[in-house]
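The structure appears right after this line, and notes come after that.
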Amino acid sequence: MKQDFRLGALATAALLACAPLQAAPAADTAPTKQKVATTEAGKAINKLVDDYYEAYARFEPVWATESGDGRFFDQLGLSIAPRNRETQFALYRGYLKRLASIPRERLNAHEQASYDIVKFELETALRLGAFPEHLLPLDQMFSMPTFIANYAGGEGAQPFKTPKDYRNYLSRLDQMVAYIDQSIANMREGVKRGIVHPREPMQSLLPQLKQLVAAKPDDSIFYSPIKNLPAGFSSADKRSLTDTYRKTIGDKLNPALTRLADYVEKDYLPKTRNTAGWNALPNGAEWYKARVAAMTTTAMTPEQIHEIGQKEVARIQGEYGKIGPRMGYTGPAAGLPKWVSEQPKYKPFTSDQQVIEVFQKLDAQVRTKLPALFTLMPKAPLEVRLEPELTRETASDHYSAPAADGSRPGVFWSVVNDPTKYGRTGMVTLYLHEGQPGHHFHIALLQELGLPNFRKFGGNTAFTEGWALYAETLGKEMGLFEQPEDYFGHLNDEMLRAARLVVDTGLHSKGWSRDQGIKYFRDTLGYSELEARAQIERYMVMPGQALAYKIGSLKIMELRQRAQAALGDKFSLPKFHEVVLDEGTLPLAVLEAKVDRWIAASK
C-alpha cells in the first residue's frame, strides 16, 4: 500500500499494505510542532490540524508508528470496534464545524493549504465513514497479525534496542488478542449483512494466517526478537523478557491466531461471495464512488475513468507498434508484452543478488542525472533491499521512508520471488518510481519542509503515486531509455497503470468477473496467469486504490504542459518540480491552483 489518507479501517489497511510510508523519528519522540502563527486565524487552523493529527494517531497507533510518530510503539489500536469508530467520526464532525468558523481569507498561503487539505480529508473521511468498512477488517493484502509479524525481524519501524522496546512489542502482541476477536466479530456481522469479501482473495489470506500459528512459542515468528536479544541486556531483563514472550505467545496469541485461521477457513470462506466487484455489496455502487473520490482526490466518475483508461491503453499500444520492431518483434502491437515475456534474453538472472546489483548500478547512474532536473532534493540516502520472505509472495515492490533522525535510510524494497523469472525490461522505470526521483524525492523531502504534522506524515495516493509515475517519464530526459527494451519496460509499466483504470472500474462498476479481469491483464500486458491473478485480486479488495497512480500522473503532466505553453522560454523544469514538491502532498485540485498561481507570478 499507502501513504495515503485517513479514512478508517479499510483505508488504513490500504495505507499500510501498499502506500509509501513516511519517516519515523527516534523511539519515543513526539512529532515536532509546526511554526507559530502570527494571526488569530492562523493560530486556530494550526490548533485544529494539530488536534486532528493527534486524534488520528491515537486511533491508529500502528499507522502512527509507520508514518513517523514514536510515541505509540506499545499500542495496537482498535478503531475497527464500532464504538471507537463512532467516537472517531464524531470528532471529525466537530473538527469540520471548527474549520467552518475560521476565516480562510485571513490565512497566509501556507495556512490556506492546510485549511484546504484538512477540509478535503475530513469531508472525505465522513463520506466514506457512512459505509461499513470495519466489517471487512482483513484480506490477503493486509491483516494486522501479518503486519505486526513483519516487525519481528527488527528491520521495520518498530525498534528493538532497549528492554523497553521489547516490552513495547510484547504489549502489541498482548493487544492483538482483542484485535483478532473484534475482527472475527466484525466479519460475523458482515456475513449477516451480506458484506463479505470475494472468495479467492480470502483463500490467498488463509495460508498467511496459518503460517503465523506455531506449534510452540519458541517456533513463533513473534518470538523472533527474543532470539536476538542484545548482549548488553542484564540477565534479569533477558530472563523476564524470555518468560513473558513465551507466556503471551503460548497462552494468548497463539490460541487467538488459531481461532482466526479456523474461523476464516471453516466459517467465513463458505460465506464469501463469487462476485468480484464492490457493486455487488449493499449500496456498493455509491460506496465505490466514495472510494474513487477519496483515492483520486477528484470528482471524476467511474465511467469517465474507464474511458480515460481505454484511451491510454490505445495510445500506449501505438507506441508498442514503434518500439516492437527495434526489439525484433514483427507481430501485432498488442501482442508485444506477451512476446517479451517469453524471451529468455530478458530474464538473465540466476540469483536475488544479481537483481539487486542491477538496481544499485542504476542508482549510481541516476544520481549523476538528477542535478539537471532538480534543485530541491532530499538529503537522506536511499538503499535497495529484498522484501522479507513472509510477505514476498503477495507483496508489490514498494518504498519506505528514512528515519528523521538519520538512523534508517529510505529503502526501495524489491520483490524477487524467483530470480530466473524476473524480467530485466522493467527495472529502470521501477527504480525511477520507487527510488529516485520517485517516492524518495517526495516522501523523504517531507521531513525537511517544516510542514504541520498532519501534512508531514499524512497524504493521499493520487499525489504520492501520481508523482512517482510522473517521475518514471523523466527517464527519457535522463537518457535512460536508449535501449529499446528499457523504453518498452517504461511503456509496459505505464500500460499497467492505464489498464488498472479499465479493470478497477470494470470490476467495481461494470460487473466484470475476476476471470474477465485476469484475461484483460493477460491479453493487454502479457502477464502470466499467476501475475494477473495477484494483481486482480489486489484490486478486488482495495477498490479505487489503483486508480490514483494514472490519474495523479496525468494531472501533473497536464500542469507541466500548461506551464510550458504559458511561460515559453521562461519555463524551468527544475523550478516546476520544486513548485510541485515544496508544499508536500496535496489533493490534485489544490496542486492545480498552486501551479496556476506560479504560472501567473512567473509571466
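The values are calculated or read from the model by the stated rules, or taken from the named source; none is laboratory data. These figures come from a predicted structure and were not determined experimentally. Here the Cβ positions follow ideal geometry from the backbone for every residue, glycine too, while neighbour counts run over all protein chains shown.
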- Given (1) surrounded by fewer than 19 Cβ atoms within 10 Å (Cβ to Cβ); (2) closer than 24 Å to Thr505 by Cα, number of the condition Val313 does not satisfy: (1)
- Item | Neighbours by Cβ (under 9 Å, 6+ apart or cross-chain): first from segment 43-59, at pLDDT 95 or above; second in a helix (DSSP H, G or I) and of a type in the set (Asp, Glu) | Ile45/Glu111; Asn46/Glu111; Tyr52/Glu121
- Query: With respect to Val62, is the statement that it is outside the structural domain of Tyr166 (by TED's automatic domain parsing), part of a helix (DSSP H, G or I) and under 19 Å from Ser143 (Cβ atoms) true?
  - Reply: yes
- Query: Quick one: is Ala81 modelled with pLDDT of 95 or more, surrounded by fewer than 22 Cβ atoms within 10 Å (Cβ to Cβ) and closer than 26 Å to Tyr288 by Cβ?
  - Reply: yes
- Item | Residue that is farthest from Leu446 (Cα to Cα), among those in segment 37-70 that are β-branched (Val, Ile, Thr) and under 21 Å from the mean Cα position of the chain (by Cα) | Val62
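Looking only at residues in segment 445-464 that are farther than 12 Å from Gly68 by Cβ and of a type in the set (A, V, I, L, M, F, W, C), which one is surrounded by the fewest Cβ atoms within 10 Å (Cβ to Cβ)?
Leu449
Tell me which residues, restricted to segment 547-595, are of a type in the set (Gly, Ala, Ser) and farther than 19 Å from Thr473 by Cβ.
Filtering segment 547-595 for residues of a type in the set (Gly, Ala, Ser) gives 548, 552-553, 563, 565-566, 568, 572, 584, 589, 593.
Hits for segment 547-595 are Ala566, Gly568, Gly584, Ala589, Ala593.
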- Note on the structure: All conditions in (1) buried (at least 21 other Cβ atoms within 10 Å of the Cβ); (2) outside any loop (DSSP other than H, G, I, E, B); (3) not polar (S, T, N, Q) are true of Pro371 except (1)
- Item | Hits in segment 533-545 (condition: crowded, with 23+ Cβ neighbours inside 10 Å and not charged (D, E, K, R)) | Ile536, Tyr539, Met540, Val541, Met542, Pro543, Gly544, Gln545
